[in-house]
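The values are calculated or read from the model by the stated rules, or taken from the named source; none is laboratory data. Note that this is a predicted model, so its numbers are computed, not measured. Here the Cβ positions follow ideal geometry from the backbone for every residue, glycine too, while neighbour counts run over all protein chains shown.
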Amino acid sequence: MDELNQSFKPKPTVAFRRKKTTDRLLAPSVETRQEWGGKLVSCLAILLIGGLVVTLFAFLINKGLALFTTDKFSLGAFLTSTDWRPSHHHYGALPMIATSFAVTVLAGVLALPLALVSAIAITELLPNWVYRVLQPVIELLVGIPSVVYGYVGLTVIVPQLGRMFGGTGFGILAATCVLFLMILPTMTSMTIDNLRQVPQQYRLASAGLGATRWQTISRVVVPSAKSGILTAMVFGMARAFGEALAVQMVIGNAAIMPTCLLSSSATLTSVLTTGIGNTVMGTASNNALWSLALLLLLMSLAFNLLLRVISRKGVR
Amino acid sequence: MEKTALEVKNLAVAYGTKKVVEQVSLKFPAHQITALIGASGSGKSTVLRSLNRMNDDLATVTGEINFHGIDINQPKANVYRVRQQIGMVFQQPTPFPLSIYENVIYGLRLAGEKDRQVLDARVEESLRQAALWNEVKDQLNSSALALSGGQQQRLCIARTLAVRPEIILMDEPTSALDPVSTSQIEDTLVQLKEQLTIIMVTHNMQQASRSADWTAFMHQGHLVEFNKTAEIFMNPQEQQTADYLSGKFG
């Protein structure tokens, strides 16, 4: 120990160096205080977020179940009845559930192939500068507010559908078109990212075995990115399911069971946005809207779980 | 001189305007292992990749590459057929995220082979040739990514062998592997040369002297010396070769 201290030759002018090594090792320092401070701030932030989530859930569950507990409306009827007339105390949510799923699935199924094909073109076939130009453009499209998409739907798509198929043009088809436009950039961008993550060596190895470009894409690149592409699709569909404003603008807002793609209908979200200002807090018709909101939350949770399952499958 | 598997005449490769390989002429003897050695940037990997047209999208390759009397470097050549005949194994083991079985038959599937018996037989044959069969025969349907690095590289060799190429090109096939896996692969290569011709790039002098019959030394894009491995190592004719082998540069 003495030898060690001598070999360091501490300068006596600097105060802390005069202390013995053992003291210095145990004394609190600026660094340890910073560590503690950092931990404290992080914990507080997590508490805040966690608290928000917990209170949000508690509030929505409390309000959402009031229709069944306070107003004694049957849960079965809420989920299976097609009769939504709050003025007559009929709260059958099935038309909205069905419409929500219809627009979501249709938009997702339409957008997936297009997103996949454009992503393949951008990552695999076109020169790299196309990617560098298009990626920011696509990300810009992702960030456009939904009201803009809704407005385009209202002024372009709805009249056009009316001219093509007759009627007003409002309905599931118009909502599907708007949602398709909205989620296509998200899904394309995510699919591009996933395809780019496929190691370049897979492409080389495949080409080295005599594969054509198309064979490499269809047999190696896309299968390797499969779980990521599915994640992109579910992510896009989750966004479509939760979209309120753009859908409300073009779907016609008639809470009846949809019979065709061109008849006015309503989704869970569009009924909520239309109705929440027109009801009095605490009444049965207001509680019914909260029940719809709870249903939406549960669906978002289901989408999230699905995403988790898919992306975990991708990890080997 | 023995039968020639592949003959290169005046090969030159340029990336854009930058010439990286010039005036390389070589005859690769059949059923032999030829090692391409040289410092980083000497152009040996570029030459190797040109031999089965893997440089097509990256560089301009001029000169003749004669395979069975046909210049496969001409634009008319069917690159996909060329690559089936002249296979390639890369530095990093690159099994696809598929089962071991599907990895091995990848090239056969590309060629349209569907007969299950043919596929089964070829899987066993190729895995035996690559000295991997005994280790994986009970788990052919499990993911190839679960194998160790050395096993993955032997799987990649088996995958290349499955299409029955005449020549296999190897770009530093063992540089990502530990010594045990390396020596297993070197043993495999020596056994394989009965069936085919092997051309490999290596940074490892011992590997070249252990397993290669012929060695070509490249320096700054030029072929400096090409001879039997023993001659190159024991009695190099060029000063540059001698300097490189004795570690004066590289």
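Structure summary
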quantity	calculated
One residue from B:Ser142, B:Ser175 being more than 21 Å from B:Asn66 (Cα to Cα) and away from every other protein chain (no Cβ under 12 Å)	B:Ser175
Residue pairs meeting the criteria (Cβ under 7 Å; at least 6 apart or on separate chains; first assigned to a loop (DSSP other than H, G, I, E, B), in region B:132-147; second at pLDDT 90 or above and of a type in the set (Lys, Arg))	B:Leu132/B:Arg154
Exclusive hit being free of Cβ contacts under 8 Å to residues at least 60 places away in the same chain and assigned to a helix (DSSP H, G or I), set A:Ala77, A:Ala66	A:Ala77
Tally of residues being part of a loop (DSSP other than H, G, I, E, B) and either on the phi < 0 side of the Ramachandran plot or surrounded by 14 or more Cβ atoms within 10 Å (Cβ to Cβ) (or both) across region B:2-22	3
Some residue of region A:227-237 being surrounded by fewer than 20 Cβ atoms within 10 Å (Cβ to Cβ) and either touching a strand residue (DSSP E or B) at 6+ places or on another chain (Cβ under 9 Å) or within 30 Å of A:Ser87 (Cβ to Cβ) (or both)	no
Some residue of region A:294-316 being surrounded by fewer than 17 Cβ atoms within 10 Å (Cβ to Cβ), touching a strand residue (DSSP E or B) at 6+ places or on another chain (Cβ under 8 Å) and not in a helix (DSSP H, G or I)	yes
Residue that is farthest from B:Glu124 (Cα to Cα), among those in region B:60-104 that are more than 9 Å from chain A (Cβ to nearest Cβ), aliphatic (A, V, I, L, M) and in a helix (DSSP H, G or I)	B:Ile100
Given (1) at pLDDT 95 or above; (2) over 30 Å from A:Ala293 (Cα atoms); (3) not aliphatic (A, V, I, L, M), index of the condition A:Gly50 fails	(2)
Filter result for A:Gly252 (touching a strand residue (DSSP E or B) at 6+ places or on another chain (Cβ under 8 Å), more than 12 Å from every other protein chain (Cβ to nearest Cβ) and either over 16 Å from A:Thr176 (Cβ atoms) or crowded, with 17+ Cβ neighbours inside 10 Å (or both))	yes
Filter pass, A:Gly167 being part of a loop (DSSP other than H, G, I, E, B), more than 14 Å from chain B (Cβ to nearest Cβ) and either of a type in the set (Gly, Ala, Ser) or closer than 26 Å to A:Asn128 by Cβ (or both)	yes
Subset tally (residues that are among the β-branched types (Val, Ile, Thr), free of Cβ contacts under 8 Å to residues at least 40 places away in the same chain and either in a helix (DSSP H, G or I) or buried (at least 16 other Cβ atoms within 10 Å of the Cβ) (or both)) for region A:103-160	9
Residue within region A:245-257 that is farther than 30 Å from B:Thr94 by Cβ, among the polar types (S, T, N, Q) and over 21 Å from the mean Cα position of the chain (by Cα) present	yes
Inter-residue pairs, beta-carbon under 6 Å, first touching a residue at least 60 places away in the same chain (Cβ under 8 Å) and in region A:246-275, second assigned to a strand (DSSP E or B), 6+ apart	A:Ile251/A:Ser265; A:Ala255/A:Trp84; A:Pro258/A:Ser265; A:Ser264/A:Gly252
Filtered residues of region B:105-119 (kept if surrounded by 15 or more Cβ atoms within 10 Å (Cβ to Cβ), in a helix (DSSP H, G or I) and more than 10 Å from every other protein chain (Cβ to nearest Cβ))	B:Leu119
Any hit, region A:141-153, residues being in contact with a strand residue (DSSP E or B) (Cβ under 6 Å, 6 or more places away or on another chain) and in the same structural domain as A:Leu204 (by TED's automatic domain parsing)	no
B:Thr182 within 20 Å of the chain's Cα centre (by Cα), part of a helix (DSSP H, G or I), within 12 Å of chain A (Cβ to nearest Cβ) and not basic (Lys, Arg)	no
Where A:Val178 falls short, out of the listed (1) outside any loop (DSSP other than H, G, I, E, B); (2) within 14 Å of chain B (Cβ to nearest Cβ)	(2)
One residue from B:Ile157, B:Ile168, B:Ile198 being assigned to a helix (DSSP H, G or I), surrounded by 22 or more Cβ atoms within 10 Å (Cβ to Cβ) and modelled with pLDDT of 90 or more	B:Ile157
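Residues are listed down the side, and each one gets a yes or a no for (1) more than 14 Å from chain B (Cβ to nearest Cβ); (2) small (Gly, Ala, Ser); (3) surrounded by fewer than 21 Cβ atoms within 10 Å (Cβ to Cβ); (4) in contact (Cβ under 8 Å) with a residue 12 or more places away in the chain:
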position	(1), (2), (3), (4)
A:Met182	yes, no, no, yes
A:Met187	yes, no, no, yes
A:Tyr202	no, no, yes, yes
A:Ala207	no, yes, no, no
A:Ala211	no, yes, no, no
A:Val220	no, no, no, yes
